[in-house]
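J.: Have a look at this one before I ask anything.
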Amino acid sequence: SSSGENTGRGALIVLEGLDRSGKSSQCAQLASYLESQGVAVEAWRFPDRTTAMGRMISSYLSCQTDLDAAAIHLLFSANRWEKCSLMESKLKAGTTLVIDRYSYSGVAFSVAKGLDLDWCKGPEAGLPAPDLVFYLDISAEVAAARGGYGGERYEKLEIQKKVEKVFKSLKDTTWQSVDATQSIDSIQSVLREESVKAINECQSGKQLMQ
Ligand code: DGP
Ligand code: NA
Ligand code: NA
């Protein structure tokens, strides 16, 4: 039975998109807004570069180290798993988490490199399921034209084009695609409205147990 048992749970809200899609600033603005509305909320991001595994990932991304594609895939996943129990306890205690990237990025970047889709999904299974995923939709070309790619490993048009294709194939019923070429304020108002709905559903226990 699902009635009542979940009352007070926080929502797991994920933002996904290509590099330069505007995710990070939208995440920060959304979390501040929710906080101003009295919602218990934290803004997180993956990869979490502050942990030991996160530092290995960061070194890989900045091309200071190289790793086999499968090994870095598992490391990105492990970086989410090392936060799993904390995520679960926060959500259970009623804190909403707004997360910049999650398992979809994990799968999209590795499949873009040529790894098998089902193999890539494997290590993500069992992580807390998002209540809502915003996909900030922008073509790789338009994102690249915004400028501001740093020198990191995946910040190249050819790679982002492949990642875009995989992202589109991953879309499921929890996704809301948002046109990321709109103004920052227009995007933010969609995010706010949909997030408040999802948070209310979680709080009232309407969401099914995951
Ligand atoms: P960010 O800190 O959000 O800019 O992410 C750094 C880069 O790493 C970015 O190009 C996206 C990529 N990335 C994020 N999460 C994953 C993941 O789980 N797996 C892989 N392979 N790449 C990821
Ligand atoms: Na980046
Ligand atoms: Na970002």
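J.: Please work out which residue is nearest to A71 (Cα to Cα), limiting yourself to region 87-105 and to residues that are within 9 Å of the chain's Cα centre (by Cα) and in contact (Cβ under 8 Å) with a residue 60 or more places away in the chain. Spell out how you get there, then give the answer.
T.: Within region 87-105, the first condition is being within 9 Å of the chain's Cα centre (by Cα), and the residues that meet it are 98-105.
Within this subset, residues satisfying the condition of being in contact (Cβ under 8 Å) with a residue 60 or more places away in the chain are 98-102, 104-105.
Working: V98: 27, I99: 23, D100: 22, R101: 19, Y102: 18, Y104: 17, S105: 16 Å.
Within region 87-105, the match that is nearest to A71 (Cα to Cα) is S105.
J.: Inspect region 122-136 for any residue being in contact (Cβ under 8 Å) with a residue 12 or more places away in the chain and either among the basic types (K, R) or farther than 30 Å from S89 by Cβ (or both) and give the result as yes or no.
T.: No, there is no match, as no residue in region 122-136 is in contact (Cβ under 8 Å) with a residue 12 or more places away in the chain and either among the basic types (K, R) or farther than 30 Å from S89 by Cβ (or both).
J.: If you scan region 103-130, which residues turn out to be within 8 Å of ligand 1 (Cβ to nearest atom) and touching a strand residue (DSSP E or B) at 6+ places or on another chain (Cβ under 7 Å)?
T.: Result: S105, single match.
Conditions (1) over 20 Å from H73 (Cα atoms); (2) part of a loop (DSSP other than H, G, I, E, B); (3) out of contact with any helix residue (DSSP H, G or I) (no Cβ under 7 Å at 6 or more places or on another chain), marked per residue:
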site: V107; (1), (2), (3): no, no, no
site: V111; (1), (2), (3): no, no, no
site: G114; (1), (2), (3): no, yes, yes
site: V142; (1), (2), (3): yes, no, yes
site: Y149; (1), (2), (3): yes, yes, yes
site: K168; (1), (2), (3): no, no, yes
site: T181; (1), (2), (3): yes, yes, no
site: I187; (1), (2), (3): yes, no, no
site: V196; (1), (2), (3): yes, no, yes
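J.: While we're looking at this one, here's another question. Return yes when V111 is β-branched (V, I, T) and either under 17 Å from L30 (Cα atoms) or at pLDDT below 95 (or both) and no when it is not.
T.: Criteria not met by V111.
J.: Among the residues of region 153-161, is any within 16 Å of ligand 3 (Cβ to nearest atom) and either closer than 18 Å to A129 by Cβ or touching a strand residue (DSSP E or B) at 6+ places or on another chain (Cβ under 7 Å) (or both)?
T.: No, there is no match, as no residue in region 153-161 is within 16 Å of ligand 3 (Cβ to nearest atom) and either closer than 18 Å to A129 by Cβ or touching a strand residue (DSSP E or B) at 6+ places or on another chain (Cβ under 7 Å) (or both).
J.: Suppose we filter S77, S24 for residues that are closer than 21 Å to D185 by Cα, within 14 Å of ligand 1 (Cβ to nearest atom) and not in a loop (DSSP other than H, G, I, E, B); which single one remains? If you could, list the steps in order and put the result at the bottom.
T.: Values: S77 fails: closer than 21 Å to D185 by Cα.
Among S77, S24, only S24 is closer than 21 Å to D185 by Cα, within 14 Å of ligand 1 (Cβ to nearest atom) and not in a loop (DSSP other than H, G, I, E, B).
J.: Looking at (1) under 26 Å from K161 (Cβ atoms); (2) in contact with a helix residue (DSSP H, G or I) (Cβ under 7 Å, 6 or more places away or on another chain), which is the only condition G54 fails?
T.: (1)
The values are calculated or read from the model by the stated rules, or taken from the named source; none is laboratory data. For clarity, every value in this text was computed on a predicted model and none was experimentally measured. Backbone-built Cβ (ideal geometry, glycine too); neighbour counts: all protein chains shown.
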